[in-house]
Every structure is written in C-alpha cells, then in structure tokens.
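The numbers here are math on the coordinates, done by the rules we state, and not lab data. Given the structure is predicted, the values throughout are model-derived calculations rather than measurements. As a convention, Cβ positions derive from the backbone with ideal geometry for all residues, glycine included, and neighbour counts pool all protein chains shown.
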C-alpha cells in the first residue's frame, strides 16, 4: 500500500525547501557531503530551540491582560480583557465576539541566519477559549516580515475550528501550513531574529480561561544535501523502549471528514503511540463520540484532535505536539535532529521520537511502500545499530514493529533533497521530529534533551 500522508501544501513546502537551499550550509558535517559551503556562508549551520516556560522567562515578555502562573507548571493565563474582537471562523461561517489578552516575547536572535522557523506551544484551552500564535521576523537586510499566523488553535473543536492560515507571504518569506520559510535562501535575505505573539481568547464575561505552559520556536539553516554522513551505532545499540503499536491502516474508511480516514493518519497514530508510552490516554468520556464498533478508538480521537481545517489534514506538526501536551504531565516540541547519534541519546534516556521522512519504495527495505511524507516512531535500535520503528503504515497492530537498516533510515530522514521513483528532484524534511516527554525528567533525560538543544 502506498501511504501518502501529506496534502499538496506539505508537498509544496518540501519543493520550496529543496529550491531554496541551493547554497545553504549543512548541519554538522553535512557541508562536506554537499560539497562544502558557499563562500561567505557559515561552515556549519545550527539548529536552535528557544522556548518560554519558566515564570522568570514568561515575565521577560510584554503582557497586556495576561498574568504569570507559578507553581509546578508555570505559564501565562488570561487575567483581564485587553479588548474585544469579532472572529469570523472561515470553516463554520459564524462570527463571534471574543475578549482577548496578549503576550509578546522578547526578540530572539537566530544562532545563525535561518531559513525556517517552526513553533510549538503547550496549552490548556477549556471550552469557551482558544489561542493564536504569530511570528514576526527581522531579516538580515534589516526589514521586518508581517505578523504571520502560525496557528489558530483549541484543544477541542466546539468553539472554533483549529486552523492554519494560507496565503501569507511578503516576497521574502512565506508560511507553509506550520512553517515560516525563506523564499530563496541562496539569494537572501535570511531570518536574523524573531518575536512570537501569543493571543488568548475567551467568551466575553466567561469564567473559563486558557493557560499556556510553553511557547517556543525552532530555527534552522536548512541543510542542502541528497546524502548525509553515515553514523555508527552508539549508546542505544540493543535498547528498545516499550511503546504501544497502532496501525493507521485498520482505520481506513473511518471518519473520512478527518483527512480521508485512517490511510492519512500517520501523524496522529504516531502521536497516540508515544502519548500512551508515557502512561497517558483519553478518558472514556472523551472517546464517547467514537463508534463503539471501532477498535483503538483513541486513534480516531487523536485524528480529530490534530485535524487542521485549512490544511485539511492531521499532519500539522505544531498541532500534533500541542495535542500531546494536553495530557497531564506531558510537554512536547517540534524540532530538528542533526544526526542519528542524537536520536540514540534520546532513546538511551528513555525518550522515543516521531520522525518525518519521504522516500520511494526502493529506498527503505521492508517498508513496502513509498511516500511523499510519512511519520513513524523510533523506539529503539538493534544490537547492530539498525532502527527499530513503530511504523503505523502497517496492515495491523502486530505488524507495526519494523526494523529498518540504519544507513537507509538516517538518509531518508535527515536529507533535504531526494530523487523520487521517476528521477525527479523532491524535498525532504531535514530531520524534523516531534519530542514528547514528561514535565518531570530524570537527570539522564534532561541531559539527552539538552544535547539536542531542548533545555
């Protein structure tokens, strides 16, 4: 079965990335693989993650109507209305008046001039509340981008429809669903610095308020490479984590209003596997809407809770992380990983990851399909260092566990350019992954996350 888990917008993004990174330096040692950086470019680009999640970090921003929550899980919450706004929901056709409050981050300078930015947020939005996340970049030529919306989000779908926003561009950058992307990284300008704006909404006079525990972004200079350097087995060789196995394919035909049913549910299926590996699961009340004849109703639930009504799919990276963080004691981010060795550090510390990759069938032995974009979980490594994955593109739950050859897997995941089965140049994600992990970390987990830039 061929699994294509992206819509044309994600395919367009991949193509745009492939075109944009003609002379962008590679991550880590990738510059050598790509023939070296162009004159005047950094020898090696970096992936940078910046988030606000402690009380002190939240206080460093500019608040208008929000207050800082302290305690075990600091955040910002709605304290008073800074104003009201009429929001016309493009997916329901209804217009409602909402009170709003805002938080503006300090300006964050990218570690190196960046070509992409992806946001993450962890929040609680009870009924009658929702939020919007925006970014404004400053380019290396000193000019500013518009305020771009990177997500209009609520955990449920009873008040507004969770959505990305199309047609955002200024001739220098564009937003592709969940990603701020420089239009031409070779010519520039690139992203020099950025700020995030968080807007919290509640029903006028309502008692329910939204709370955000984490807000952040990952910037990177997208690597330009068809091949990545080979890694060698490391500390996770022979380690396999206990992760439930769920097949997306058993849900084919179920709830087609959510991206055509299970055949396109690789992202929420992977998310649900990792959420449950940490001992969390939706309640019986939350699953009551699912047809009782359907097995694994939590996969249907995850698809509904991650569905992006504009993208018309369940593969919005930021929305999947936000969904995972709705479970008590879990936090989640979208980032990039520079090497399979970094993935091994996470596995050795007990943290599985969800990876995004594209390939044609001959490039990944044992998969049995090709895809323009697919999410699967990495749950361990064999003693020889091959990748153990829970691949949701399987006929049934038992078949989900796969072993993929190390060299093949790291290349299809970490590259940014590839040839499809017809020999045409296509894009790759360059190591995009989701990381879901507890708010209470062991020392080893904290160290492993810090090693991949998550502090």
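Exposure proxy check: 141, 157, 342, 178 ranked by fewest other beta carbons within 10 Å? If you can, show how the numbers build up before the last one.
Working: 141 10, 157 14, 342 22, 178 25.
Lowest to highest Cβ neighbour count: 141, 157, 342, 178.
Counting alpha carbon pairs within less than 8 Å and at least 6 residues apart, what relative contact order, in whole percent, applies to the stretch 249-451?
In percent, rounded to a whole number, it is 23.
When the label point is put 7 Å from the Cα of residue 442 along its Cα-to-beta-carbon vector, which residues of the stretch 233-272 have a backbone N closer than 17 Å?
235-243
Using Cα pairs closer than 8 Å and at least 6 residues apart in sequence, work out the relative contact order for the chain, in percent.
RCO, the chain: 20 percent.
Which three numbers, in whole Å and largest first, are the semi-axes of the equivalent ellipsoid of the chain derived from its Cα gyration tensor as √(5λ)? All intermediate terms of the calculation are to be shown ahead of the outcome.
Numbers: eigenvalues 195, 146, 89 Å².
Output for the chain: semi-axes of 31, 27, 21 Å.
Using only the C-alpha atoms of the stretch 387-436, find the volume of their convex hull and express it per residue in Å³.
Each residue corresponds to 102 Å³ of Cα convex hull volume.
Mean residue ellipticity at 222 nm from the helices of the chain, using -39,500 (n - 2.57) per DSSP H segment of n ≥ 4 over the full residue count, to the nearest 500 deg cm²/dmol?
After summing the helix terms and dividing by the residues of the chain, the value is -5000 deg cm²/dmol.
I'd like the Kirkwood hydrodynamic radius of the stretch 46-220, using the inverse of the mean 1/r over distinct C-alpha pairs, in Å. Intermediate results must be reported in sequence, preceding the final value.
Values: mean 1/r = 0.0602 Å⁻¹.
Over the stretch 46-220, the inverse of the mean reciprocal pair distance is 16.6 Å.
Take every Cα-Cα pair in the stretch 123-272 and report what % of them are more than 18 Å apart.
Percent of Cα pairs beyond 18 Å in the stretch 123-272: 72.
Could you tell me the relative contact order of the stretch 46-220? Use alpha-carbon pairs under 8 Å, at least six residues apart, and round to a whole percent.
33
Full-extension gain between residue 285 and residue 70, please, as 0.36 nm times their residue separation minus the C-alpha to C-alpha distance.
Stretched fully, the residue 285-residue 70 segment lengthens by 74.4 nm.
Calculate, for residue 260 and residue 186, the FRET efficiency according to 1/(1 + (r/R0)^6) with r their C-beta to C-beta distance and R0 45 Å; round to the nearest 0.05.
For residue 260 and residue 186, the calculated efficiency is 0.80.
So how do 300, 314 line up by other beta-carbon neighbours within 10 Å, fewest first?
300, 314
So how much slack lies between residue 294 and residue 422, counting 0.36 nm per residue of separation and subtracting their Cα-Cα distance, in nm?
On the way: separation 128, 0.36 × 128 = 46.08 nm, distance 3.82 nm.
Contour length minus Cα-Cα distance gives 42.3 nm.
Using packing as a proxy for protection, rank 270-276, 252-258 so that the peptide with the highest average count of other Cβ atoms within 10 Å comes first.
Per-residue mean Cβ counts within 10 Å order the peptides as 270-276, 252-258.
Subtract the Cα-Cα distance of residue 170 and residue 230 from 0.36 nm times their separation in residues, and report this length gain in nm to one decimal. Could you put the intermediate results ahead of the total?
Details: separation 60, 0.36 × 60 = 21.60 nm, distance 3.84 nm.
Taking 0.36 nm per residue and subtracting the Cα distance, the gain is 17.8 nm.
Just order 234-242, 427-435, 144-152 by mean Cβ neighbour count inside 10 Å, highest at the front, would you? Kindly include the intermediate steps, with their values, before the conclusion.
Numbers: 234-242: 16.0, 427-435: 25.9, 144-152: 19.2.
The densest-packed peptide leads the list: 427-435, 144-152, 234-242.
Neighbour counts of other C-beta atoms within 10 Å: give me 95, 306, 62 arranged from fewest to most.
Placing the least packed residue first, the sequence is 95, 62, 306.
How large is the Kirkwood hydrodynamic radius of the stretch 348-390, counting all unique pairs of alpha carbons, in Å?
When all Cα pairs of the stretch 348-390 are included, the Kirkwood radius is 11.4 Å.
For the stretch 249-451, what size does the Cα cloud have along each of its three principal axes, sorted from largest down, in whole Å?
Largest first, the stretch 249-451 extends 46, 44, 32 Å along its Cα principal axes.
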